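Notes follow once the structure below has been shown.
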Amino acid sequence: MTPENLLCIEACTDRLTLALYAAGELKAFSKPNPGEKHHCETLVPSIDTLLAGENLKPGDIDAVAATRGPGSFTSVRIVLATALGLVRPRNLPLYAVSTLETLAANMREEGALVLTLLDARKGEVYGAMYRIIEGVPQIVLPERVTLITQMLDEACSKVCCEKIMVIGDGAAVYSDEIHAQTRFVIPPPGEIHKPDAAALGRVVLHRLAHGLPCDEPTPNYLRQPEAVVNLGRTPEGL
């Protein structure tokens, strides 16, 4: 069943975007400029501003969609905590989707192969590959965190001969490695390289229309936070 008012939140990366879908149609999109402020300071006021622009209040929302990572560990927690805070008091549905799948939904060309890469630092990427079917991503290579060279080799070995579009901030960071293989194409810099809430809404609404489940609203880190890793290390000399 399509929610009457679906609020979509994407803020797992360094950018915050919001979208409002009314009866399945995009009614409002917001890309606040946080300046030097973090999502913890801007997310809730930005939601209020978006809804007020449509003469709505948080109580008018019927469901919430949110990305669940991968991305910044802190941002993932902020997004999901805010979304849960909106839905729990009224027991509303919360639809979660991977940030990588949301990013892939920026690609609208039917049948296109798209490799989504988010920079995970240390020469690694959060990555997955999709084929666009009926305007939404269908998984080809499951998401993982790995070295950029390994990710590119796996993508090439998964499909034969076809060109592969590469999007996400990892495409810019590792452009030399990507351009070294002729099968990969990086679109010009722009919004296609950034996950956004409008794309998130399209994915969720497609799943609802086809009776497909969304993800569990739990953090999708793909790897452990650095602080957790460091807890398991023994200091040198001890």
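The table below gives the values:
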{"quantity": "Degrees separating the helix 197-209 axis from the principal Cα axis of the chain, which is the longest one", "calculated": "80"}
{"quantity": "MET1, MET151, MET165 arranged by Cβ crowding within 10 Å, fewest neighbours leading", "calculated": "MET1, MET165, MET151"}
{"quantity": "Fewest-first ranking of LEU92, LEU152, LEU118, using other Cβ atoms within 10 Å as the exposure measure", "calculated": "LEU92, LEU152, LEU118"}
{"quantity": "Long-range tail of P(r) for segment 107-193 (Cα pairs > 20 Å, %)", "calculated": "23"}
{"quantity": "Which listed pairs, of LYS31/LYS163; LYS31/LYS158; LYS122/LYS194, have C-alpha distances above 29 Å, in listed order", "calculated": "LYS31/LYS163; LYS31/LYS158"}
{"quantity": "Per-selection metrics, segment 62-126 (Cα): Rg and Dmax in Å", "calculated": "14.4, 43"}
{"quantity": "Length gained when the stretch ASN33-GLU134 is fully extended (0.36 nm per residue, less Cα-Cα span)", "calculated": "33.1 nm"}
{"quantity": "Low-density loop cleavage sites - chymotrypsin sites (Phe, Trp or Tyr not before Pro) in segment 1-81, where at most 13 other Cβ are within 10 Å (DSSP)", "calculated": "none"}
{"quantity": "Principal axes of segment 44-92: Cα extent on each, largest first, Å", "calculated": "33, 23, 13"}
{"quantity": "Mean Cα-pair separation over length for the chain, i.e. relative contact order, pairs under 8 Å, 6 or more apart, %", "calculated": "22"}
{"quantity": "Qualifying GluC sites (Glu not before Pro) in segment 99-182, DSSP loop, other Cβ atoms within 10 Å at most 10", "calculated": "GLU109, GLU110, GLU134"}
{"quantity": "Relative frequency of Cα-Cα separations exceeding 32 Å in the chain, percent", "calculated": "21"}
{"quantity": "Exposed-loop-free span, longest in the chain, where trypsin sites (Lys or Arg not before Pro) count as exposed if DSSP calls them loop and at most 13 other C-beta atoms lie within 10 Å", "calculated": "38-107"}
{"quantity": "Neighbour-count ranking [beta-carbon atoms within 10 angstrom, fewest first] of ASP48, ASP176", "calculated": "ASP176, ASP48"}
{"quantity": "Folded to 0 to 90 degrees: helix 148-158 orientation relative to the chain principal axis, Cα", "calculated": "90"}
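We did not get these values from a lab; they are worked out from the coordinates using the rules stated. Every value quoted in this text rests on a predicted model; they were computed, and no experiment measured them. Positions of Cβ are backbone-derived with ideal geometry, glycine not excepted, and every protein chain shown enters the neighbour counts.
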